[in-house]
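Enquirer: Please read through the structure below; I'll follow up with questions.
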2 protein chains.
Amino acid sequence: MARDGKPTRDKILAESKALVLENGFAGTSVDQILERSQITKGAFFYHFKSKADLARTLMDVFSAEDLADLDNALKETAPLIGDPRQRLLKFVQRYVDMMATLEAPYPGCLYGSYSYEPSQFSDEIKQKISDAILTWRSALEEMLDETIKVHGMKIPVDKKSLSDQFVVILEGAFIISKALNEPKLTAEQLKHFKNYLELLFES
Amino acid sequence: MARDGKPTRDKILAESKALVLENGFAGTSVDQILERSQITKGAFFYHFKSKADLARTLMDVFSAEDLADLDNALKETAPLIGDPRQRLLKFVQRYVDMMATLEAPYPGCLYGSYSYEPSQFSDEIKQKISDAILTWRSALEEMLDETIKVHGMKIPVDKKSLSDQFVVILEGAFIISKALNEPKLTAEQLKHFKNYLELLFES
DNA sequence: ATTTTTATACCAACTAGTCTGTTTAATTTT
DNA sequence: AAAATTAAACAGACTAGTTGGTATAAAAAT
């Protein structure tokens, strides 16, 4: 048999992700990755056939984790499925709580990072980002549908764009939280989204 | 005296900004800027003493334009100062209308771009970004204060973070709009912020 | 009014160093 | 033995920045 390459590969992925969020992808050199990961060039190119291959893998891993977390949030709130309004609010609250624990601004989202240097990435990668965002849209739209069925809406608003607002606020809050160095800002912003939903679906 | 260098300088700034939003700052080479601007290296380094100098100038120009536009929006809505709720809503609607005219996703905001490769920029530049965002916060907070004095709030919410939400939604919407290639998304997202304010300050 | 000067604006070629990626041979771990 | 990794040299393209010189146009001097 042979030795296990997974720890090395995981270390490369973790350090690369952090570096990309600090420097941008184009601004991160392979040599920087080697230094942070404490590995050699041979090891890097053993695991990734190119820097572009790393970019793709980073996004694959990130989006898989992101969507797995969405899935968890849906499952955790599934018991409230009989009260869709409560379920929706609980879902949002889960992310409020998550962001409220941060002691430093969230280091950033690869969707946002990649979107600000789009020419560096292939269409395949951009498609993956788009797919992930649309998965969030669908998940929230379904919860909204159920809620509207039961409660109606205080004022008529566009359902699709309301679904998008969750991700929009997250992405925006990550940027502003970093720019102002205010770790709690993201949780506060999500709380406003929850407020908005509460006002829209008053009981 | 001598010939006028302003057109050249302006061309460099315009093309650089576009390139930075496409490739990121680190991902944009001076040679690329030369090619797009149809100038030579000598001309570039005549106008900017380094690439870092360009980064600083780009942000100076961008934030100045951004804050000038904020100032315009405040002045345009100043006649409604006697009805602070209407003024606030009109202020937001102005940006809804502006974003609704876009036929392609907004190319991006330099605050967001710079925030996703923070190591590339000096503290001075980051301070400029922070100052600009805080200026937005103050402007909205003042309008909110006046509105609350007259109308109160339907539910108690944090005023400072509510002020921030305008910029948060803009930044987030720029990213998601680009990622999904949906030009109208930004206007729709701002509309939700307006809805939220209307629900908070029902008459 | 014509020539000369001057500061600015700009160009083309060059330099020193960095970038990603390759190669090779030896070594370690299971 | 097979897989994972080190170490180091190397190539070719690209990087930011420099240099020495030239073009332009207005002002100054004649």
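Enquirer: When the helix-only estimate is applied to chain B (DSSP H runs of n ≥ 4, each -39,500 (n - 2.57), divided by the residue count), what is the mean residue ellipticity at 222 nm, nearest 500 deg cm²/dmol? Before the final figure, lay out each step's value.
Expert: Details: 9 runs with 149 residues, N = 203.
Mean residue ellipticity at 222 nm (helix-derived): -24500 deg cm²/dmol.
Enquirer: Indicate the gyration tensor shape class of the protein assembly as shown (rounded, prolate or oblate), computed on the Cα atoms with a ≥ b ≥ c the square roots of the eigenvalues: a/c under 1.5 is rounded; otherwise a/b larger than b/c is prolate and the rest oblate.
Expert: On the way: a/c = 2.16, a/b = 1.17, b/c = 1.84.
Oblate is the answer for the protein assembly as shown, as a/c is 1.5 or above yet b/c matches or exceeds a/b.
Enquirer: What is the log10 of I(q)/I(0) for segment A:1-48, computed with the Debye formula using one identical point scatterer on each Cα and no solvent, at q = 0.14, 0.21, 0.31 Å⁻¹?
Expert: The Debye formula, applied to the Cα set alone, gives -0.32, -0.66, -1.23.
Enquirer: Compute for chains B and A the buried accessible surface, both sides summed, probe 1.4 Å, and express it in Å² to the nearest 100.
Expert: Values: alone 11190 and 11210 Å², together 18110 Å².
Counting protein atoms only, the buried area is about 4300 Å².
Enquirer: So how strong a dipole does the protein assembly as shown carry about its Cα centre when Lys and Arg Cβ are +1 and Asp and Glu Cβ are -1, to the nearest 20 debye?
Expert: On the way: 52 positive and 62 negative charges, 69 e Å.
In total the dipole reaches around 340 debye.
Enquirer: Here is a further query. Roll a 1.4 angstrom probe over the protein heavy atoms and tell me the percent of accessible area of segment A:1-147 that is carbon or sulfur.
Expert: Numbers: 3820 of 7220 Å².
Within segment A:1-147, the accessible surface is 53 percent carbon and sulfur.
Enquirer: Once both axes come from the Cα atoms, what is the angle between helix B:123-151 and the longest principal axis of chain B, in degrees from 0 to 90, rounded to 10?
Expert: Roughly 20 degrees between the two axes.
Enquirer: I've got another one for you. For segment B:28-74, with every protein chain kept in place, what is the accessible area per residue (1.4 Å probe, Å²)? Write down the numbers at each step before the final one.
Expert: Working: 2370 Å² over 47 residues.
Counting only protein heavy atoms, the per-residue value for segment B:28-74 is 50 Å².
Enquirer: Which translational diffusion coefficient, to the nearest whole µm²/s, is obtained for chain A from the Stokes-Einstein equation, given a Kirkwood hydrodynamic radius over C-alpha pairs, 20 °C and 1.002 mPa s? Working shown, then result.
Expert: Details: Rh = 18.7 Å.
Here the translational diffusion coefficient equals 114 µm²/s.
Enquirer: On to the next question. Given B:17/B:178; B:17/B:194; B:159/B:194; B:17/B:160, which pairs have Cα atoms separated by over 19 Å?
Expert: Values: B:17/B:178 16 Å; B:17/B:194 30 Å; B:159/B:194 15 Å; B:17/B:160 31 Å.
Too far apart for the 19 Å limit: B:17/B:194; B:17/B:160.
Enquirer: Before anything else, pin down the relative contact order of chain B: Cα pairs under 8 Å, at least 6 apart, normalised by residue count, whole percent.
Expert: 25
Enquirer: Report the one residue of A:176, A:153, A:189 whose Cα lies farthest in the direction of the positive end of the charge dipole of segment A:147-192 (charges on C-beta: Lys and Arg +1, Asp and Glu -1; origin at the Cα centre).
Expert: Ranked along the dipole, the leading option is A:153.
Enquirer: So what is the relative contact order for segment B:1-48, in percent, with contacts set as C-alpha pairs under 8 Å and at least six apart? Working shown, then result.
Expert: Details: 20 pairs, mean separation 16.5, N = 48.
Over segment B:1-48, the number comes to 34 percent.
The values are calculated or read from the model by the stated rules, or taken from the named source; none is laboratory data. Bear in mind the structure is a predicted one, so any value in this text is a computation, not a measurement. Neighbour counts run over all protein chains shown; Cβ positions are idealised from the backbone, glycine included. Ligands, DNA and RNA are stripped out before the accessible areas are found, and what is left, the full protein with its side chains, is counted by its heavy atoms. Shrake-Rupley method; radii C 1.70, N 1.55, O 1.52, S 1.80 Å.
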